[in-house]
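Asker: Could you have a look at this structure, given as structure tokens, before my questions?
The values are calculated or read from the model by the stated rules, or taken from the named source; none is laboratory data. These figures come from a predicted structure and were not determined experimentally. For neighbour counting, all protein chains shown are included, and Cβ atoms are generated from backbone atoms with ideal geometry for every residue, glycine included.
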Amino acid sequence: MGVLKPLDWIIILVYFGIILGLAWKVMRQKQRTSDEYFLAGRNLGWLIIGASIFASNIGAEHLVGLAGSGATDGVAMAHYELHAWCLLVLGWVMVPFYMRSKVFTMPEFLERRFSPAARTVLSLISLVAYVLTKLAVGIFAGGVVFSVLLPELSWFGLDSFWIGSILVILITGLYTVMGGLKAVAYTEALQTFVLVIGSALVTYFGLKALGGWGALREITGGEMFNLWKPLVPAGVEGTWAPVKEAGRMAWYFNDNYPWVGMLFCAPIIGLWYWCTDQYIVQRVLGAPNERQARRGSIAAAFLKLLPVFIFIIPGIIAFALAKSGGIQALQQEFFGPGGELIRDNAQKAFPMLVAAVLPIGVRGLVVAGLLAALMSSLAGAFNAAATLFTMDFYQRLRPQVTQERLVWIGRVATGIMVLIGLLWIPVIQGGKGLYDYLQNVQSYLAPPIFVVFFFGVFMKRLNAKGCLAALGTGFALGLFRLAVDTPVKLGTGFSYAEGSFLWVVNNIFFQYYSLVIFLISAAVMIVVSYLTEKPAYEKIAGLTYGTVTAEHRKESRSSWTAADVVASGLVLALILAAYLYFTG
């Protein structure tokens, strides 16, 4: 187990040859302007946009973290994955404003809506967020995959984990730095196809090894397949307390995901990520018009329904195989001497399942897709970070800079972000789980960004001072929680005195803390805006619902057809069906 056979390596090499060949073909098309390098010349079709959004999203946190969460908590994290409806919000609500503004970045949109200072603050927050989440997590997951599939690999004192991390960075960085968004988008479209097929094969062969879907349900029990686990477990006193407390877990469907927090917090995180984050929206900005951008969002929404079945279910399958003793290596990895579940080892669920149940050849195809998915996620993060730094900081400091110089600076920025991400890996390793880590950090950084974008679009009275106050307050609250959490997550045994203020902050469920940040940010933005002067409405024409003109409405209406409405309705119907199936 854990050793790839010659046929697997041949398939992996052929696959990467195709990927690099496609990237090289795109790279040969010289990108002399920032528009060509950062937004693919605004010429991406809807299918490429949808596949690229999906491939960028499906990365480390899914292949390693989401499958691991499935092994430990069942379908609980499917709440986040069923947020495909957020992509419909992007396509139908936000895309008209973004396409109308012709911006390169999300912070640039805030500058149009509020002020240059708002753009600077959001750019800074976004860059910090990429370091804390996308870059470091992607690098870490690449190391986990290599440590499982090639555990004996070593070189100059480096083990397989670090070798894997470095290789993923170098290969991804190569075609991202040289090819820009077009290389990223086109390689991601191909990777999406291989990833979906490969992950579906993992589910198929995993169920085959277990004895089918019925055997999976029987071994794991119905609770693993319940999105809303029993609110009041037998013998446990009910409480709404937002602080973790031994023996008082009612109103929570497990010990880390309170249902109230999931119900109200998860949509805020989802709308921030899918509708306002540069990492995702940059693909939409690369569309030639509103129709292609919207249809790309709808296509991505369909694809986004898949992770529950191709990542969470394989995680549950891995747990079932370990619990039943069907695969001894999984049992030894997942359960301790006393029969207790080792949560940290569950991060290896997906790659271990690949190594354990797939036949030779198929394993090579799936591993190629797995590594390519990690790379596509990183590539998107590299390109988004480089775009933010170059367009929102460097170009504003050097307004007369040439287009060739902007492209060169973007490439340099990519390398710097990678180095910073590497330094953050030890913090992630000390956390409870990769997916948990990601959701924690995003929950602290997302609320104020969600507030300024959505409140800014729907309320024309809100002004630049309110926006800055909300961003500053929310960001400070998020960084405070991260500063409190980090010493505990480092795994050194550090803890706060029980009952102290810092202990309470550290033990508040992250969803509740996120809701606190949201409520405070919203209140600050509204109060400060109404206590100060009105914005100049003529300067924000077309950027809020209250300042949209009849011409704007006519243009937007001509960009969609009945087929777009039907496709969106089908996405909603499929989401509802999934909730009904995974309930009770």
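Asker: Within region 525-569, track down each residue that is in contact (Cβ under 8 Å) with a residue 12 or more places away in the chain and either over 30 Å from LYS465 (Cβ atoms) or of a type in the set (Gly, Ala, Ser) (or both).
Answerer: Scanning region 525-569 gives SER529, GLY542, GLY546, GLU555, SER556, SER559, TRP560, ASP564, ALA567, SER568.
Asker: Can you pull out the residues in region 437-478 that are touching a residue at least 60 places away in the same chain (Cβ under 8 Å), over 16 Å from THR544 (Cβ atoms) and among the aliphatic types (A, V, I, L, M)?
Answerer: Listed by number, the residues that qualify are LEU438, VAL441, LEU445, ALA446, ILE449, LEU468, LEU471.
Asker: May I pose another question? For SER559, are the conditions met, namely being buried (at least 17 other Cβ atoms within 10 Å of the Cβ), closer than 30 Å to SER123 by Cα and of a type in the set (S, T, N, Q)?
Answerer: On the way: buried (at least 17 other Cβ atoms within 10 Å of the Cβ): yes; closer than 30 Å to SER123 by Cα: no; of a type in the set (S, T, N, Q): yes.
In short, no.
Asker: Restricting region 21-55 to residues that are of a type outside the set (A, V, I, L, M, F, W, C), in a loop (DSSP other than H, G, I, E, B) and modelled with pLDDT of 65 or more, which is nearest to LEU82 (Cα to Cα)?
Answerer: Just the residues of region 21-55 that are of a type outside the set (A, V, I, L, M, F, W, C), to begin with: 21, 25, 28-37, 41-43, 45, 50, 52.
Still in the list and also in a loop (DSSP other than H, G, I, E, B): 28-33, 43, 45.
Still in the running and modelled with pLDDT of 65 or more: 28, 43, 45.
Working: ARG28: 39, ASN43: 29, GLY45: 25 Å.
Checking each candidate, the answer is GLY45.
Residue-wise test of (1) touching a Lys or Arg at 6+ places or on another chain (Cβ under 9 Å); (2) modelled with pLDDT under 85.
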position	(1), (2)
GLY270	no, no
VAL284	yes, no
ALA287	yes, no
ILE312	no, no
PRO351	no, yes
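Asker: Looking at this structure, is ALA318 more than 22 Å from ILE449 (Cα to Cα), hydrophobic (A, V, I, L, M, F, W, C) and not in a helix (DSSP H, G or I)? Lay out the reasoning, then the answer.
Answerer: Values: more than 22 Å from ILE449 (Cα to Cα): yes; hydrophobic (A, V, I, L, M, F, W, C): yes; not in a helix (DSSP H, G or I): no.
No; evaluated as a whole, the condition is false for this residue.
Asker: I would also like to ask the following. When you look at ALA322, is it of a type in the set (Gly, Ala, Ser), more than 22 Å from the chain's Cα centre (by Cα), modelled with pLDDT of 80 or more and surrounded by 18 or more Cβ atoms within 10 Å (Cβ to Cβ), yes or no?
Answerer: Spelling it out, ALA322 is indeed of a type in the set (Gly, Ala, Ser), more than 22 Å from the chain's Cα centre (by Cα), modelled with pLDDT of 80 or more and surrounded by 18 or more Cβ atoms within 10 Å (Cβ to Cβ).
Asker: Looking at region 60-93, which of its residues are modelled with pLDDT of 75 or more, under 20 Å from LYS323 (Cα atoms) and not hydrophobic (A, V, I, L, M, F, W, C)?
Answerer: GLY68, SER69, GLY70, THR72, ASP73, GLY74, listed by residue number.
Asker: Considering only residues that are polar (S, T, N, Q) and modelled with pLDDT under 80, look in region 468-499 and name the one that is surrounded by the fewest Cβ atoms within 10 Å (Cβ to Cβ). Before you say what the answer is, go through the steps one by one.
Answerer: Taking region 468-499 first, the residues polar (S, T, N, Q) are 473, 486, 492, 495.
Those left that are additionally modelled with pLDDT under 80: 486, 492.
Details: THR486: 14, THR492: 9.
Taking the candidates together, the pick is THR492.
Asker: To continue, here is another question. Cβ contacts < 7 Å: first residue free of Cβ contacts under 8 Å to residues at least 12 places away in the same chain, restricted to region 397-413; second residue surrounded by 12 or more Cβ atoms within 10 Å (Cβ to Cβ), any location; separation 6+ or different chain. Result?
Answerer: VAL401/GLN395
Asker: Next question. Quick one: which residue in SER123, SER69 is more than 15 Å from THR276 (Cα to Cα) and part of a helix (DSSP H, G or I)? Can you show your working first?
Answerer: Values: SER123 fails: more than 15 Å from THR276 (Cα to Cα).
One residue alone meets the criteria, SER69.
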